[in-house]
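Below: one structure, written as structure tokens.
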Amino acid sequence: MDKGLIFDIERFSTKDGPGIRTVVFFKGCNMSCYWCHNPEGIRGVPELRFEPDKCAGCGICFKICPMRAHKIDGERHIIDENRCTLCFACANACTYGSLTQVGKWMSVDEIYIEIEEDRAFYERSGGGVTLSGGEAMKQSDFAAKLLKRCHEGLVHTAMETNLSFPWADYKKLLPHTDLIMGDIKHMDDAAHRKGTGAGNITVLDNVKRLAEAGIPLIIRTPVIPGYNNDVANIRSTAEFLKDIPTLKYYELLSYNPLGNSKGILIKNPYKLPDIQVPEKAGMERLADAAMEYGIEVYIDGRKRTGSR
Amino acid sequence: MNTELEYSFENRLTALRRKKEEQTFEKIKRNGYMDEDDYGSVPAPEGFEFHPVFNDPVNNTFYGAKHWAMNFRNLMEAHPVYVDPNDALAGRWMFILQRLRPFESATSVNNLEMAPIFDFSHLKPTQRKYDLLPGIGKMHHFAPDYKIGLALGWKGLLEKVRKYHSKCTPEQEELYQAEEDVLLGIINWISRTIDKICEMEKAEKDPKVRENLHIMAETNKNILEGPPRTLREACQWIAWYNMAGRTYNRAGAGCQLDETLRPYYEHDRQELGLTDEEAEFIIACLLLVDPHYYQIGGPDRNGRDVTSRMSFIILEAAHKLKCTANLTIRVHEGSDEGLIRRGLEILFEDRKAYPRFSGDKALVEGFCRNNYPAELARERIAVGCNWMSLPGLEYTMNDLIKVNMAKVFEVAYTEYEAGEDASTEGLFELFGKHLKCAVDCLKEGIDFHLKNQYRNAPELMLNLISHGPVEKGLDASNGGLEYYNISIDGAGLATVADSFAALQQRVEDEKLFTWEQCKKAVLDNFQGEEGERIRSILAASKKFGYGSSCGDRWAVRVSRLFTDLVAKERTPDGYLTIPGLFSWANTVPFGKAVGATPNGRLSGKPISHGANPDPGFRKDGALTAMAKAIAMVQPGYGNTAPFQLELNPTIINSDDAIDNVEAVIKAHFDMGGTLVNINIVDAEQILEAHKDPSKYPNLIVRVTGFSAYFAALSPDFRQLVVNRIVSDR
């Protein structure tokens, strides 16, 4: 695999690992979490995104589309999914950023040029590169090459993963991974399967194996009200984590409603989940419960220093 | 009626700050918007009028040392006295004599500062053609050495002038007499203020207030007779000097404030039991008098860090004042990490756009490129809006001379044949030819200025505490100082770079339309449907700031071209010129003079700001992308290309926010950055304030190098600040 499918490269990220980081977003995920905040990362193919509020009505997409997929329905500009072949001629011609291609096949070198831009900032902040997604492990061979390239350039590497891939896949990239940020979305196997489409047995097993391999770990739980925000679940997670020697800390992430505004993708209609962002007090209650197990706990990037 | 609690330092500062806000609104009411520094001036009493004596009755202006001194002395002797019993220091200033000549506003490009008898009409066609700011006749914008004044006091300075005056040649007579008049005017002003303080002291019932007025009177009596001995006396001396300097010609350069005040502070702590709380209060009062530009921290001439307890006290004073302040922390390898940290904490907490940070490494290495030693370069401190100067040694004309590169581009683009052979290379060559003409014209103007300025408008205030003018009997602009390093700034870098990049990407590489179609659309100001189509395509090109883009490469090329034209050849009379990239508040008037440009900018719209990329240069607006881009275009000869950074408060809501912003600043300096100005402003709040500024009387933003009350800015300028902060709307 010489190229990876990447849907974004974000510079100056301060939320995806230590210091200032460049985050490479891999497109394609094996899970289907209903609360996903990066829905454009779910499907493992390039997609067309249409943002009508940016459309200036110039009509170039109508003229350029070989399949005549762009149509007017009453006053609305729509795209006929059955006709669109995802050739992206319209996205390339749209200068208003209304039609965009989400996901591009990029080589390691192409990505690394962007990574290199911020070297001075990694050095000053203790930052580096984070592979995120989607799910970077779905393109593990390519991810391994990119991580290796970063290490050759003395850039610190981290990876965000849902931890659900076979151990053999993780083993390929461990030599070039300095930090893994993995999710435990639920401690109950059935509930995990219900929320994400996959069970958690591999997830928990991978946490133990990564620790045995000496990989520093940050384990996170996206706190989704009505799904996993009960104290019992968080306690159970913390109890599991207290025996993980390479755990740096356990982080609770408030449900991120960002996905709601990004969901206008054709061929992959994203249903807006009816989830409330958790209250601060509720997050603190969960963190305090986890801290009873003697582990360090963060809430949304801030270290919890103790119960009131 | 004042209880002990009511007359606390904190309450006094609150009262002083509120008073200043009221005065600011009164100033706006009377004079309209102020697109420049907030300044510390207060409105004159109703009915007070001052009319200068003109020696050019045709043009209603005055010129020459004699008339400047006469008018200044008259103004000082008539100047209303101002004493606030809450203040540690006496006095406020109300007028700028320089502006009592019927000339121009702060951002005017008419350049009538030189009295009309000094004729440079031979330069005017070229100046107009390229919309140049030649700086001819402009004043101050270099730094004095406060230590001279603090060592001598007012009467000591008078004695010094009289000593040299008694031995002078007939040619020097006018200057020395003028300097004497200036000092006598200031002494008169202070003496009358002392009388007022004594009157108020007598009438005051509250013992605490009376005690403050008593000390205030004693402080002023002492510094009138001899040099200051205490921290309060030193601050009062500086305050008078600053107020007189502003009144004379708006001069605003400060000093290395921590090192200047440290001996007094240490003396008072040991001998008088001065507390840090009182020291902070006194310094807060000094900062309130006027937002002069002060450097704190940084290296001494040998590279050793000068940070002291005084440096921290100055930061805390600004923190308590919560008003406009222009403090710059000089960042170098040996910096006190605690000072930088505390500075950032205050910047984040107060959101008043101070302190700023200057990058020692690039400034020193750059200045050394002009064949100066590093020891001297380290003494060239941040004491101006965007600029550095050697205190009391160097004449610089900083921030006065500018080339509107967008205008130069327009001239070249209009002239360039958009035929089949057209190319960005060809256009760049023509642009280079015109830029050289523009820079050469500025250099001729510099020579003209240096020949004539002492007869037009001598630096009677700055001369007094510089090394040379009084001793040699020569004005600072006329050989009185040791070094003459004249600044020339380029403005509109992003506008020009993005224009080249858009032409290259859309016309040359992608061939979306021809040179001719593009030029027609640009010259028509993108009118009509087709024009708008072309404009939108051009505007969506990869811009300067994106990172390794066509726009970034053009920006580096344009910056290098400009730098070489300025730095590699002296003026015809042999003066060194140093390049910088800075537009100050001229982005609006410069923009008005330039038609549409191929970056998609419409005719008359502002040109790009300083060395910054245009807003919207990246969809994620990556801070690091901007920090790197601006570091890459530094001219590198010791003058600045500032990095103007707008941070949304959400960025500061994490444990390591300060670490990360500090890392951005330091990495920017590692890569060659020279000065970082930071605003932390909430996007919603600034939009609200733009709608109704009076709702946010204490919202302070850093506009360019200076900070100002948002409400005091004109709608054009408010829009400019809003656009930078809310770039995606």
Legend entry - Using θ = phi - 60° and Karplus 6.51 cos²θ - 1.76 cosθ + 1.60, couplings along the range A:146-153 (whole Hz; Gly, Pro as x): 5, 4, 4, 4, 5, 5, 4, x
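Hey, what D do you get for chain A in µm²/s if you plug the Kirkwood alpha-carbon radius into Stokes-Einstein at 25 °C and 0.890 mPa s?
Values: Rh = 20.6 Å.
D = 119 µm²/s.
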Legend entry - Long-range amide H partners of A:Asp8 with built H, under 5 Å: A:Phe25
Legend entry - Set of the range B:280-297 residues, backbone N closer than 17 Å to the point 7 Å along the Cα-Cβ line of B:Leu272: B:280-287
Legend entry - Whole-angstrom gap from the range B:43-103 to the range A:171-218, using each part's C-alpha centre: 75
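Where does the protein assembly as shown land on Rg(C-alpha)/(2.2 N^0.38 Å)? Let's see the in-between values first.
Working: Rg = 31.7 Å, N = 1037, 2.2 N^0.38 = 30.8 Å.
Compared with the compact-globule rule of thumb, the protein assembly as shown sits at 1.03.
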Legend entry - For A:Val102, distant residues with modelled amide H under 5 Å away: A:Glu47, A:Leu48, A:Arg49
Legend entry - Placed amide H near A:Arg220: partners under 5 Å, 5+ positions off or other chain: A:Gly182, A:Asp183, A:Ile184, A:Glu251
Inset, instruction - Would you please state which residues of the range B:411-437 a label at B:Glu510 would reach in this model, taking the label point 7 Å out along Cα→Cβ and a backbone N cut-off of under 19 Å? - result: B:423-425
Inset, instruction - Would you compute the Debye intensity of chain B from its alpha-carbon atoms alone, equal scatterers and no solvent, and pass along log10 I(q)/I(0) at q = 0.06, 0.08, 0.11 Å⁻¹ to two decimals? - result: -0.34, -0.61, -1.18
Inset, instruction - For the range B:622-711, just say rounded, prolate or oblate: build the C-alpha gyration tensor, square-root its eigenvalues into a ≥ b ≥ c, call rounded for a/c under 1.5, and beyond that prolate if a/b exceeds b/c, oblate if not. - result: oblate
Legend entry - Backbone HN-Hα couplings from phi across the range B:600-616 [Karplus 6.51/-1.76/1.60, Hz, Gly and Pro as x]: x, 6, 7, 4, x, 6, x, 7, 5, 8, x, 9, 6, x, 5, x, x
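When the convex hull of the C-alpha atoms of the range B:300-379 is computed, what volume per residue in Å³ does it have? Working shown, then result.
Values: hull volume 6.9 nm³, N = 80.
About 86 Å³ per residue, rounded to a whole number.
So, R0 is 45 Å and r is the distance between the beta-carbons of B:Glu22 and B:Arg128; what FRET efficiency does that work out to, to 0.05?
On the way: r = 42 Å, r/R0 = 0.94.
Approximately 0.60, to the nearest 0.05.
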Inset, instruction - Taking a cut-off of 13 Å between Cα atoms, list the aspartates and glutamates near A:Lys303, but don't count ones fewer than 8 places away on the same chain. - result: A:Glu251, A:Glu284, A:Asp288, B:Asp655, B:Asp656
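Specify, per residue and in Å³, the volume enclosed by the convex hull of the alpha carbon atoms belonging to the range B:485-640. All intermediate terms of the calculation are to be shown ahead of the outcome.
Numbers: hull volume 18.6 nm³, N = 156.
Spelled out: Cα convex hull of the range B:485-640, divided by residues, is 119 Å³.
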Inset, instruction - Would you list which lysines come within 25 Å of B:Lys29, measuring only between C-alpha atoms, while excluding same-chain residues fewer than 8 positions from it? - result: B:Lys19, B:Lys20, B:Lys322, B:Lys352, B:Lys691, B:Lys695
Inset, instruction - May I ask for the angle, rounded to the nearest 10°, between helix B:715-725 and the longest principal axis of chain B, with both axes built from Cα atoms and the value confined to 0 to 90°? - result: 70
Inset, instruction - Could you go through the range B:343-350 in sequence order and give the Karplus-derived ³J(HN,Hα) for each residue, using 6.51 cos²θ - 1.76 cosθ + 1.60 with θ = phi - 60°, rounded to whole Hz, and x for Gly and Pro? - result: x, 5, 4, 5, 4, 5, 6, 7
Inset, instruction - Just report the Cα centroid separation between the range A:58-126 and the range B:525-586, whole Å. - result: 28
Legend entry - Dipole of chain B, positive end: most advanced residue of B:Phe706, B:Ala115, B:Ile486 [Cβ charges, Cα centre]: B:Ala115
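Within chain B, what's the longest stretch lacking GluC sites (Glu not before Pro) that sit in DSSP loops with no more than 16 other Cβ atoms inside 10 Å? Display every interim value, and only then the final one.
On the way: sites that count: B:Glu4, B:Glu6, B:Glu46, B:Glu49, B:Glu104, B:Glu333, B:Glu417, B:Glu420, B:Glu482, B:Glu510, B:Glu569.
In chain B, the maximal stretch lacking such sites is B:105-332.
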Inset, instruction - Just tell me which lysines come within less than 21 Å, Cα to Cα, of A:Lys194; anything on the same chain fewer than 8 places away is out. - result: A:Lys138, A:Lys185, A:Lys271
Legend entry - Rough spin-label spacing in nm, given labels placed 7 Å along Cα→Cβ, for A:Ala190 and B:Ser121: 9.8
Legend entry - Under 27 Å, Cα to Cα: Lys pairs in the range A:1-131, sequence gap 8 or more or different chains: 13
Inset, instruction - Quick one: angle between helix B:276-289 and the longest Cα principal axis of chain B, in degrees between 0 and 90, rounded to 10, please. - result: 60
Inset, instruction - Calculate how steeply helix B:9-31 sits against the longest principal axis of the alpha-carbon atoms of chain B, using the helix alpha-carbon long axis, and give the answer as 0 to 90 degrees to the nearest 10. - result: 60
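Just want the ordering: B:Lys129, B:Lys511, B:Lys20, B:Lys628, from fewest to most Cβ atoms lying within 10 Å of their own Cβ.
Numbers: B:Lys129 15, B:Lys511 8, B:Lys20 22, B:Lys628 27.
Fewest-to-most ranking of B:Lys129, B:Lys511, B:Lys20, B:Lys628: B:Lys511, B:Lys129, B:Lys20, B:Lys628.
Checking the a/c ratio against 1.5 first, then a/b against b/c, what shape does the Cα gyration tensor give for the range A:47-102?
rounded
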Inset, instruction - May I ask you to compute the full-extension gain from A:Lys171 to A:Glu284, defined as 0.36 nm times their residue separation minus their alpha-carbon distance, rounded to one decimal in nm? - result: 37.1 nm
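Coordinate-derived values only; no laboratory data. These numbers were taken from a predicted model, which means no experiment stands behind them. Note that we place each Cβ from the backbone using ideal geometry, even for glycine, and neighbour counts take in every protein chain shown.
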